[in-house]
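In what follows, a structure is listed as structure tokens, so that the remarks can point back to it.
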Amino acid sequence: MKIIGEVGKWELRNSRLHITTAEGQVRISQISSATFRVQACSLDEIFQESGYACPVIPEGMAFQFSEREDSLVVETLDVRLIISKSPFRLRFERLDGTVLSEDDPGLGIVWDGPEVTNYKTLQPGERFFGLGEKTGPLDRAGKQYRNWNTDAYAYGPNTDPLYVSCPFYMGMSHENMYGIFLNNHWETTFNFGAANDRFSFFQAKGGQLDYFFFAGPEPADILREYTALTGRIKLPPMWSLGFQQCRYSYSPDKDVLRVARTFREKEIPADVIYLDIHYMQDYKVFTWDKEKFPDPESLIRQLHELNFKVVVILDPGVKAEKGYHVSDDGVENDVFLKYPDGQLYRGAVWPGWSNFPDFTASRVRKWWADYVGKLAKQGISGFWNDMNEPAVWGHHTPNLIGFELEGEKGTHKEAHNIYGMQMALATKQGAEDALGEERTFILTRASFSGGQRDSAVWTGDNHATNPHLMLGARLVNSLGISGFPFSGNDVGGFTGDAAPGLYRRWIAQAAFHPLMRAHTMINSRSAEPWCFGEEDLEVARNFISLRYQLLPHLYSLFYESTKNGMPPVRSLLFDYHREWKIFTEAFENQFALGQHLLICPVDGEAALAKVYLPEGRWYHFFNDKVCEGAQEHLLEVPRDLIPVFVKAGGIIPMQSITQHVHEPHDKILRLHVYHGADGAYELYEDDGHTRQNEAGNYALRKINYKDGILTISPQEGAYKSAFQHLHIYLHGANFKKAKAGQQELKIEKSDFRFLKAISNFDPYEDYPDASKIIAELLRVETSWYSDPIKIQFY
Ligand code: GLC
């Protein structure tokens, strides 16, 4: 074991500080005024660059630094880095001297064979968040986690690791936020003061210590900087934000059509239907079952006529079988993984013994992409990448398997965690090449930091239980904290049968998640919205319809994510990390859709719910009852609802219910504005399915609300909005009149109703003490493309 030791010499070269210590060498660069990069390796190594998570790492800026007798000090506008010389240790602090993070004085950076660890002093009360798809609490203090993508079938609320690895976390020390991203895709371990009271650490089993330190100060700043490095999503097709229905498996083709037709007959909005592994001939990838799916083009055409998009599953294992064209072709093109002696590696998955493409080679990705393209040309719109940890029936792929790693060559130990992400990249390339201007949608089970650029993730094989409903909320929250904006859980639970009440609560929660997909296991009860009885069907229709009403909001949030990495679903960490209550078990699952819409998950059976409303003034979303923040509230929750609140200052754009995302709505944009605090919003629109937005065909409007004055900026971009009327619902204010310029505007009292009453329950009337709904309707039938709109209420 080697501890890094004392600083020997140092020099500034190409905006990088090169330091040699007794046992290692360190390179430090400043990426922005709040971000540093630290790389360390032993004396006999040369520095390596890993480009999977961060395709382009900025060179580094000019340093402002000074030398003191015992240290080197780098100071930016936001943060100070003190590099002590004897021994070499780093301390990041705010300019007022408050420590953000510092190396453990006795340990610092330690090498133990190929393993490298950085020990950081545990600060009093330090909290830890993120690491992507990890079970456990929101605040991860006292826990340890491993990053090794794993096929975690039927995982429990504490199982670790799961399918996605994301070695990025945020910490809060002395009330200040910071972030650390370990740019290393080998197996890594993060300890946040588990089984010790001295340090937190991050450790890699191989590769080098290469980490980024983000000084924030806010979580949103950290995420912006992190996603500037690891990338952000492009706008997904609008249809992928609609309701998605999946099952393991709909088969034969008639069954797929039956399900799609039932959605239309029962008027449950939906956009996507999935084909799980039974569409293939004997599970052979890039084939169709000849008996069950004899005419895929006709099936796809009929589904398109019903306005459904089709997503098919693609597993990486290619059946090793002479005469199967994909297998023969793969062998001929030398695309499959091999042992070091040159023999092809075979692992057992759905089709039996299979070979696995090496997705870490661009020529192999191209090979795969061509097959994906053929499916896209047949009319498949989206692709679902599964088993790409890679999974081999719960076993471990042998570590000595060789991978190309873009010419760098390495073994499974190094390639494992990025395999799934590179498969998703290959799949996306194939779909995009074939679909031209049309956007595609890739859903993956395994991924790695940076994978957010290419795909959405779902949280794998969950259970139909209450703890999983809650864990599902936390997983989506944590993925959002960690740069993955587009995720969701199998609604209703993958394994097991949802008990009465669970499905309706699950569908209500998922209506506010970025990805809303119902899915269930083979031989479990069917999980379409009509399979749980009349009431659940009504609840499902209500909440799915609500999601379609919220599409302008959801889509605007996705747009925001493309700009700054902020996830549509936000853990309360983002805006309320100074309120300790949000970290308690009772409230850690709550999340916001955007900045102001607060959703409180509740168990299947719960008739009462304790929720925490952070500071500010809140409106009950369904009836406008006002609740004060910075306190707990005990609420009665009818079986048909979950508690949803909007914060004063919130602006939520909505539309009429449609049966699928491209069905024309009633052309009225409904702007719900919540009085009581200043509000700001960016409303984004485009055609929702092509890439023309990238050429300027979009509409972006800035909306502001302050003390009875609402302003809407002229639009940026050339897209002709599908909305022709604007209705403003001003909640919580009792103005009697309104003017736009000199023009007097008509104000009407109006009932807004996001949900329909179900059975004997009416979400609007069952609150006897609810304040009267104040919804004032304003109709501005105007061209609102180039003129600013200013409306004054008085
Ligand atoms: C895996 C997936 C699941 C899928 C099944 C069959 O268990 O996680 O979603 O339905 O395989 O393909």
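Within the range 119-147, being out of contact with any strand residue (DSSP E or B) (no Cβ under 7 Å at 6 or more places or on another chain) and over 27 Å from residue 90 (Cβ atoms) holds for 135, 136, 137. Those strands (runs of 3 or more DSSP E) of the range 109-185 in which 2 or more residues are open to solvent by 30 Å² or more (accessible area, probe 1.4 Å) occupy 115-121, 144-147. For the range 681-705, the set of residues classified as open to solvent by 40 Å² or more (accessible area, probe 1.4 Å) and under 23 Å from residue 734 (Cβ atoms) consists of 704 only. The set of residues from the range 499-526 being small (Gly, Ala, Ser) and open to solvent by 10 Å² or more (accessible area, probe 1.4 Å) comprises 499, 524, 526.
Of the residues that sit in the range 559-569 and are open to solvent by less than 10 Å² (accessible area, probe 1.4 Å) and in contact with a strand residue (DSSP E or B) (Cβ under 8 Å, 6 or more places away or on another chain), which one is nearest to residue 702 (Cα to Cα)? Looking at the filtered set, the residue picked out is 568. Could you please find all residues in the range 490-526 being touching a His at 6+ places or on another chain (Cβ under 9 Å), within 12 Å of the ligand (Cβ to nearest atom) and either without any contact (Cβ under 8 Å) to a residue 12 or more places away in the chain or not acidic (Asp, Glu) (or both)? The answer is 493, 494, 495, 522.
Within the range 641-663, the residues that satisfy the criterion of being open to solvent by 10 Å² or more (accessible area, probe 1.4 Å), under 16 Å from residue 546 (Cα atoms) and touching a strand residue (DSSP E or B) at 6+ places or on another chain (Cβ under 7 Å) are 655, 656. Just wondering, is there one or more residues in the range 262-281 that are more than 14 Å from the ligand (Cβ to nearest atom), farther than 24 Å from residue 515 by Cα and modelled with pLDDT of 95 or more? Taking every residue of the range 262-281 in turn, at least one turns out to be more than 14 Å from the ligand (Cβ to nearest atom), farther than 24 Å from residue 515 by Cα and modelled with pLDDT of 95 or more.
Taken over the range 333-344, the criterion of being open to solvent by 20 Å² or more (accessible area, probe 1.4 Å) and either within 16 Å of the ligand (Cβ to nearest atom) or touching a Leu at 6+ places or on another chain (Cβ under 7 Å) (or both) is satisfied by 338, 339, 340.
Each residue in the range 1-39 was checked for being of a type in the set (A, V, I, L, M) and either assigned to a loop (DSSP other than H, G, I, E, B) or free of Cβ contacts under 8 Å to residues at least 12 places away in the same chain (or both), and 4 pass.
List every residue pair whose Cβ atoms sit under 6 Å apart, with the two residues 6 or more apart in sequence or on different chains, where the first one lies in the range 451-476 and is of a type in the set (D, E, K, R) and the second, anywhere, is not in a strand (DSSP E or B). Short answer, once both residue conditions are applied: 453/231; 454/424; 454/425; 454/428; 461/153; 461/154; 461/494; 474/589. Total residues in the range 573-593 satisfying the condition of being surrounded by 23 or more Cβ atoms within 10 Å (Cβ to Cβ) and among the small types (Gly, Ala, Ser): the figure is 1.
Taken over the range 186-237, the residue count meeting the criterion of being in contact with a strand residue (DSSP E or B) (Cβ under 7 Å, 6 or more places away or on another chain) and either open to solvent by 20 Å² or more (accessible area, probe 1.4 Å) or not charged (D, E, K, R) (or both) is 33. For a quick check of your reading of the model, give me the residue pairs whose first member lies in the range 109-123 and is over 20 Å from residue 37 (Cα atoms), whose second is open to solvent by 30 Å² or more (accessible area, probe 1.4 Å) and in a strand (DSSP E or B), with beta-carbon atoms closer than 7 Å and at least 6 apart or on different chains. Partner pairs satisfying both residue conditions: 122/199. Among the strands (runs of 3 or more DSSP E) confined to the range 629-703, the ones with at least 2 residues that are modelled with pLDDT of 95 or more are located at 631-636, 644-647, 651-654, 679-686. Of the numbered criteria (1) hydrophobic (A, V, I, L, M, F, W, C); (2) in contact (Cβ under 8 Å) with a residue 24 or more places away in the chain; (3) surrounded by fewer than 18 Cβ atoms within 10 Å (Cβ to Cβ), the one residue 46 fails is (2). Do we have any residue at all in the range 417-440 that's over 28 Å from residue 304 (Cβ atoms), out of contact with any strand residue (DSSP E or B) (no Cβ under 9 Å at 6 or more places or on another chain) and within 15 Å of the ligand (Cβ to nearest atom)? No - not one qualifying residue is present in the range 417-440.
The values are calculated or read from the model by the stated rules, or taken from the named source; none is laboratory data. Computed from a predicted structure; not experimentally measured. Glycine also receives a Cβ, built like all others from the backbone with ideal geometry; neighbour counts cover every protein chain displayed. What goes into the accessible areas is simple: the full protein's heavy atoms, side chains included, and nothing from ligands, DNA or RNA. Shrake-Rupley method; radii C 1.70, N 1.55, O 1.52, S 1.80 Å.
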